[in-house]
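Here the structure comes first, spelled out in structure tokens, and everything after it is commentary.
The values are calculated or read from the model by the stated rules, or taken from the named source; none is laboratory data. Bear in mind that the values here come from a model prediction, so they are computed numbers and not experimental data. With ideal geometry, Cβ positions are generated from the backbone for all residues, glycine too; neighbour counts draw on all protein chains shown.
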Amino acid sequence: MKIAIQGEPGSFSHEASLKMESEATIYPCALSADVFRSLIDGTVDAATIPIENSLAGPVVEHYDLLLHHDVAVERESLLRIHHNLIGVPGSSIEEVTRVSSHPVALAQCRRFLEAHKNFEVMPYYDTAGSVKQIMSQGDKQFAAVASQAAADFYGANVLASGIEDNAQNFTRFFFIRRTALVAKDDRANKVSLAFTVENLPGTLVKALQIFADHGTNLTKIESRPVPGQPWQYVFYVDYQVSPEGSKVPVDQLLRYCSMVKELGFYVHAERPA
């Protein structure tokens, strides 16, 4: 299977992809839009995208891309995020003066970075890409923040491990495919969907009441503005279906919603130890 990711090989998306498909070939893309484009045009069989981090919150761009493409979530996975300070072979932490990584990764290691007053912190487009960059330059004063997998992939050295501020750092990934190719799973017990409500008093409450009436466990709700329609919003929700229950009927939601799109019906991922 060929799987698209945003970022370079060795990234957390790469790691999450191999967790779900161990024999996959990874197809790196510079932009998230390129990931979806390669999936839609058949260049790849699937894509792995981060959708939410337990500390940084949702990846809002990916919600928008899911809504506007004919793709669906086949699986989800939770990945424990460990950040490391990574340097070129032969370097030491005492020599480092510049550190680069994705802005979210840098924000998650703020205490460690602030403790090293001599570090100049520079944002970069990708965690693994920052390791690739320091290896290409071969400068012992230049380090990156990324995963152990990125260090291994590019032959770099870990100078300090587990530098994240909070150990409870997890990223939730979606494994997506073109809608027509999504494999059905009889164990599926979680639904992601998007909807917009009519701009009338009480419509959101009435829509949410439908979820409650079906005995579902609403695990997430997120709102995003509708481009070109000021003060109009798309609501993204995740809910779990009870063993004896069923999915919320779309026709019931359409009583109060002007648009409903199911984004996926899949197995709820357990948090790794």
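Worth pointing out:
- Unique residue being more than 23 Å from Glu270 (Cβ to Cβ), surrounded by 14 or more Cβ atoms within 10 Å (Cβ to Cβ), aromatic (Phe, Trp, Tyr) and touching a strand residue (DSSP E or B) at 6+ places or on another chain (Cβ under 6 Å) when the list is Phe142, Phe153: Phe142
- Counting the residues of the stretch 205-232 that are buried (at least 16 other Cβ atoms within 10 Å of the Cβ) and free of Cβ contacts under 8 Å to residues at least 40 places away in the same chain gives 4.
- Among the candidates Arg80, Arg37, residue that is more than 16 Å from the chain's Cα centre (by Cα) and either buried (at least 18 other Cβ atoms within 10 Å of the Cβ) or of a type in the set (D, E, K, R) (or both): Arg37
- Failed condition for Arg178, given (1) farther than 30 Å from Val44 by Cβ; (2) in contact (Cβ under 8 Å) with a residue 24 or more places away in the chain: (1)
- Close pairs (6 angstrom Cβ cut-off, 6 or more residues apart or separate chains): assigned by TED's automatic domain parsing to the domain that holds Val99 in the stretch 116-135, among the charged types (D, E, K, R) anywhere: Glu120/Arg98; Asp126/Glu8; Ala128/Glu8; Gly129/Glu8; Lys132/Glu8
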